[in-house]
1. Is it the case that some residue within the range 28-42 is under 22 Å from residue 123 (Cα atoms), assigned to a loop (DSSP other than H, G, I, E, B), touching an Asp or Glu at 6+ places or on another chain (Cβ under 8 Å) and charged (D, E, K, R)?
2. Pull up the range 135-188, narrow it to residues that are touching a Leu at 6+ places or on another chain (Cβ under 6 Å) and buried (at least 20 other Cβ atoms within 10 Å of the Cβ), then point me to the one that is farthest from residue 36 (Cα to Cα).
3. Exactly one of these conditions fails for residue 191: (1) buried (at least 19 other Cβ atoms within 10 Å of the Cβ); (2) closer than 30 Å to residue 17 by Cβ; (3) of a type outside the set (A, V, I, L, M). Give me its number.
4. Could you list, in sequence order, all residues of the range 1-27 that are part of a loop (DSSP other than H, G, I, E, B) and in contact (Cβ under 8 Å) with a residue 40 or more places away in the chain?
5. What pairs come out if I take residues in the range 52-67 that are more than 17 Å from residue 84 (Cα to Cα) and pair them with residues that are surrounded by fewer than 13 Cβ atoms within 10 Å (Cβ to Cβ) and of a type in the set (Phe, Trp, Tyr) whose C-beta lies under 8 Å away, six or more apart or interchain?
6. Looking at the range 96-119, which of its residues are within 17 Å of residue 39 (Cβ to Cβ) and small (Gly, Ala, Ser)?
7. Among 24, 46, 100, 68, which is at pLDDT 95 or above and exposed (fewer than 14 other Cβ atoms within 10 Å of the Cβ)?
Amino acid sequence: MKLPDIQSTPPEEKIPLDKVGIKNLKYPIKVFDRAKGFQSTIGEINLYVNLPSYFKGTHMSRFVEVLNEFKDEIHIKNIHKLLKKLKEKLNAKSSYVEINFPYFIEKKAPVTQTVGLMGYQAFLKASLHKEKKDFIIGVKVPVMTLCPCSKSISEYGAHNQRGIVTIAVRFKKFIWLEELIEIAEKSASAPIYPVLKRADEKFITEKSYENPKFVEDVVRAVASELLKNDEIIWFSVEVENFESIHEHNAYAFLEIEKNYSSSSSNSSSK
């Protein structure tokens, strides 16, 4: 029995749409791991294509079909192959993918060297418009900051808080997530650790007191490091502190385009 294809019929309002598709699909993926080669994780995936004015809707099942064709092979090296297939399957000019995923690194405490697994939230965004490629990777890094103002005006101690540093980059040559994480952590008052003994806690407390940072300081410190890397052609940095003595959060943001042109495309190869 032939069923009607309602999605392919013309809409009442013939207006083209930039993005249509599916969101929040959980799916196994592989990502590059500097220490182990690859790391298997679970991605939360969004897939979109453009929709011409003469189609009422898109075919949602085709997005999942394309994803299934790349089963066990969803990683940076072939993400644009997936996007090309998506364009072909849905007869689109543009395709897009966004993947958010947890990423884990074994991390040693600063004094006792106690090992634990530290989790970070990483993400990638890629698109293919006709033959033009775009690719962004990034990571959210928890850090500790100590307030310079509080330290300068208080007789005893200073307030501190956990913050999140979010770094996103476009690049010419592959950039490890670990590189971005290291930059974020050294730009704050102190890193966050999965396991701390008393000696470690003493070290971190004193280290942060000797290294007070506003959110603005952290953004500038991260940007300074990213500007030194010639492989990075664009980046954004944002820092949000979950303030310990305020009702509000503190926030700062910066975006810099170094030498990225609209006609260029970046490589996702190692």
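1. The answer is yes, given that some residue of the range 28-42 is under 22 Å from residue 123 (Cα atoms), assigned to a loop (DSSP other than H, G, I, E, B), touching an Asp or Glu at 6+ places or on another chain (Cβ under 8 Å) and charged (D, E, K, R).
2. Checked the range 135-188; the qualifying residue farthest from residue 36 (Cα to Cα) is 160.
3. (2)
4. Pass one, the range 1-27, residues part of a loop (DSSP other than H, G, I, E, B): 1-5, 9-16.
If the condition is that a residue be part of a loop (DSSP other than H, G, I, E, B) and in contact (Cβ under 8 Å) with a residue 40 or more places away in the chain, then 9, 10, 11, 14 are the ones that fit.
5. none
6. Quick first cut of the range 96-119, residues within 17 Å of residue 39 (Cβ to Cβ) only: 99-107, 115-119.
If the condition is that a residue be within 17 Å of residue 39 (Cβ to Cβ) and small (Gly, Ala, Ser), then 116, 119 are the ones that fit.
7. One residue alone meets the criteria, 24.
The values are calculated or read from the model by the stated rules, or taken from the named source; none is laboratory data. These numbers come from a predicted model, not from an experiment. Virtual Cβ from ideal backbone geometry, glycine too; neighbours counted across all protein chains shown.
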